[in-house]
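Here the structure comes first, spelled out in structure tokens, and everything after it is commentary.
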Amino acid sequence: DVAYLRSVLPSTTEDAFFDYLATLDASEVTVTAVPEGSVVFARVPFLQVKGPLLVVQLLETTLLCLVSYASLVATNAARFRLLAGPDMKLMEIGLRRAQGPDGALSASKYSYIGGFDCTSNILAGKLYGIPVRGTIAHSFIMSFTSLEEVQPRELPPLAGGEPVDLPSLAKRWLQRDFQGLLDTYCVRRSGLPNFCAVALALHQLGYRAIGVRLDSGDLAQQSKEIRQVLRACGAHFQVPWFETIPIAVSNDISEQSLEEFSREGSEINVIGVGTNLVTCPLQPSLGCVYKLVEVNGSPCLKLTEDEEKMTIPGTKTIYRLYDAAGHPFMDLMALEEEPSPSAGQELMVRVLGQLGETNKVVPTTVEPLHRMYFRDGQVCEPLPSLLEVRNHAQMSLSLLSPAHRQLHEPQPYPVAVTEKLHHLLTKLRQASQ
């Protein structure tokens, strides 16, 4: 790395600089952060990094790259989950539309954290333990031109040995996940009758088809028509489970699609979301920033005409304040040396965006938001499993009040500073003018 930097930096760069770069390590770096999967609001720092100035400056791009897209996809997935409700199965199917294989893996991982149930990305399943689900491709169905092509035959193992009865082996695999794709040609005239015939034959042999998938047309209306046929078929042939066969849908599903399903009513049980999940078209990037707030023990401030872009100076501790109903109602930033607020204690605070006014709040519960994760070059907090992160994310979302959780015109969530931090902010602003 140092040799490469020598080749691209100006030839006048001093050798001592490269010697210094070769000695860098993370032994003096400390990182505190909100637990992965926590709900974080605008202006609240979710990572705080302390260490030698050059080292923490070098970490800026890496840390922002690691957290920004991950947070964006998890948030996007959480929005789909909130719209779909708790009982709908959500399947991430965005691999073919993602920004390369690394982007696809990140999308699968953080969609799962955000509330999706499974992924079609088998590598993500292998690496992260995410449940994997899939279905039949149109190209597979179209590859057959007649039933003669699927006549029983024997096939020897590739490594040698006695031939195996392939249809019998295929039937054993059918006891696993099987999901029929109905609309390669026509749902009502061929897809649905053929599916029912095959599913009833499987039932006669002791097998159960696990579902169908729609990939075109009016998905909500078709789901209702299909459910009607499945119920009638199950009743006529006395197959009770037939009427509960899951119906899955895909085809450029968006937030608007989920709202339409809810408004129109449907018999949909599983929704596959790809492009509108992994590419985040409603907000293609997350505006995370990494700003210096203290150097050599002295607080510093980035001053701007836009108050929303102004940094909050000093090393801070962040607290989440809860009301009597158990909902968070405010996040409070305090200077690190300030005493922790207590439950039931009246607090004087200044809400960002309304710094000219003083507010009194009395929290029922006070929760420090940050934990120490990295100290003296070592991870110092046990890192949770992906499933634990997912569960924490869903729990964090469930604690939000409905007014803050709604996706359309939510009530703004207040973020405030203590009087002491506000005094420091005012002092630095006046000194900079």
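The values are calculated or read from the model by the stated rules, or taken from the named source; none is laboratory data. If you're wondering where the values come from, they're calculated on a predicted model, not measured in any experiment. Glycine also receives a Cβ, built like all others from the backbone with ideal geometry; neighbour counts cover every protein chain displayed. Remember, those area values only see protein heavy atoms, side chains included, never the ligands or the DNA or RNA. Shrake-Rupley method; radii C 1.70, N 1.55, O 1.52, S 1.80 Å.
Odds and ends about this structure:
- The number of residues in the stretch 68-93 being touching a strand residue (DSSP E or B) at 6+ places or on another chain (Cβ under 8 Å) and open to solvent by less than 30 Å² (accessible area, probe 1.4 Å) comes to 7.
- Restricting the stretch 379-389 to residues that are part of a helix (DSSP H, G or I) and out of contact with any helix residue (DSSP H, G or I) (no Cβ under 6 Å at 6 or more places or on another chain), the residue that is least open to solvent (accessible area, probe 1.4 Å): 387
- Cβ pairs under 7 Å, 6+ apart, first in the stretch 196-225 and open to solvent by 50 Å² or more (accessible area, probe 1.4 Å), second assigned to a helix (DSSP H, G or I) and modelled with pLDDT of 80 or more: 208/241
Residue-by-condition table, conditions (1) modelled with pLDDT of 85 or more; (2) over 29 Å from residue 258 (Cα atoms); (3) in a helix (DSSP H, G or I):
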position	(1), (2), (3)
125	yes, no, yes
134	yes, no, no
148	no, yes, yes
190	no, no, yes
213	yes, no, no
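- Residue 262 being open to solvent by 40 Å² or more (accessible area, probe 1.4 Å) and either in a loop (DSSP other than H, G, I, E, B) or on the phi > 0 side of the Ramachandran plot (or both): no
- Taken over the stretch 192-211, the criterion of being of a type in the set (Gly, Ala, Ser), part of a loop (DSSP other than H, G, I, E, B) and on the phi < 0 side of the Ramachandran plot is satisfied by 209 alone.
For every residue, the table says whether it meets (1) more than 24 Å from the chain's Cα centre (by Cα); (2) open to solvent by 50 Å² or more (accessible area, probe 1.4 Å).
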{"residue": "9", "(1), (2)": "yes, yes"}
{"residue": "13", "(1), (2)": "yes, no"}
{"residue": "21", "(1), (2)": "yes, no"}
{"residue": "25", "(1), (2)": "yes, yes"}
{"residue": "35", "(1), (2)": "no, no"}
{"residue": "52", "(1), (2)": "yes, no"}
{"residue": "56", "(1), (2)": "yes, no"}
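- In the stretch 1-28, the residues that are free of Cβ contacts under 8 Å to residues at least 24 places away in the same chain form Cβ pairs under 9 Å with partners that are part of a loop (DSSP other than H, G, I, E, B) and open to solvent by 80 Å² or more (accessible area, probe 1.4 Å), at six or more places apart or across chains, as follows: 21/1; 22/1.
- Test: residue in the stretch 338-349 that is modelled with pLDDT of 95 or more, buried (at least 19 other Cβ atoms within 10 Å of the Cβ) and within 26 Å of the chain's Cα centre (by Cα): no
- Count of the stretch 356-367 residues which are surrounded by 13 or more Cβ atoms within 10 Å (Cβ to Cβ), in a strand (DSSP E or B) and not polar (S, T, N, Q): 3
For (1) of a type in the set (Phe, Trp, Tyr); (2) outside the structural domain of residue 36 (by the TED database); (3) in contact (Cβ under 8 Å) with a residue 60 or more places away in the chain, each residue gets a yes or a no:
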site: 368; (1), (2), (3): no, no, no
site: 371; (1), (2), (3): no, no, yes
site: 374; (1), (2), (3): yes, no, yes
site: 394; (1), (2), (3): no, yes, yes
site: 406; (1), (2), (3): no, no, no
site: 416; (1), (2), (3): no, no, yes
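- The residues on offer are 10, 35, 86, and the sole one that is in a loop (DSSP other than H, G, I, E, B) and under 30 Å from residue 214 (Cα atoms) is 86.
- Scanning the stretch 294-309 for residues that are without any contact (Cβ under 8 Å) to a residue 60 or more places away in the chain and of a type outside the set (Asp, Glu), we see that the one that is farthest from residue 360 (Cα to Cα) is 296.
- Within the stretch 233-257, the set of residues being open to solvent by 10 Å² or more (accessible area, probe 1.4 Å) and either within 15 Å of residue 85 (Cβ to Cβ) or of a type in the set (Ser, Thr, Tyr) (or both) comprises 244, 254, 255, 257.
- Among (1) out of contact with any Ser or Thr (no Cβ under 8 Å at 6 or more places or on another chain); (2) farther than 22 Å from residue 251 by Cβ; (3) open to solvent by 70 Å² or more (accessible area, probe 1.4 Å); (4) touching a residue at least 40 places away in the same chain (Cβ under 8 Å), the one test that residue 96 misses: (2)
- Whichever residue in the stretch 390-418 is assigned to a helix (DSSP H, G or I) and in contact with a Leu (Cβ under 9 Å, 6 or more places away or on another chain) and, among such residues, is least open to solvent (accessible area, probe 1.4 Å): 397
- The residues on offer are 289, 270, and the sole one that is out of contact with any His (no Cβ under 6 Å at 6 or more places or on another chain) and exposed (fewer than 12 other Cβ atoms within 10 Å of the Cβ) is 289.
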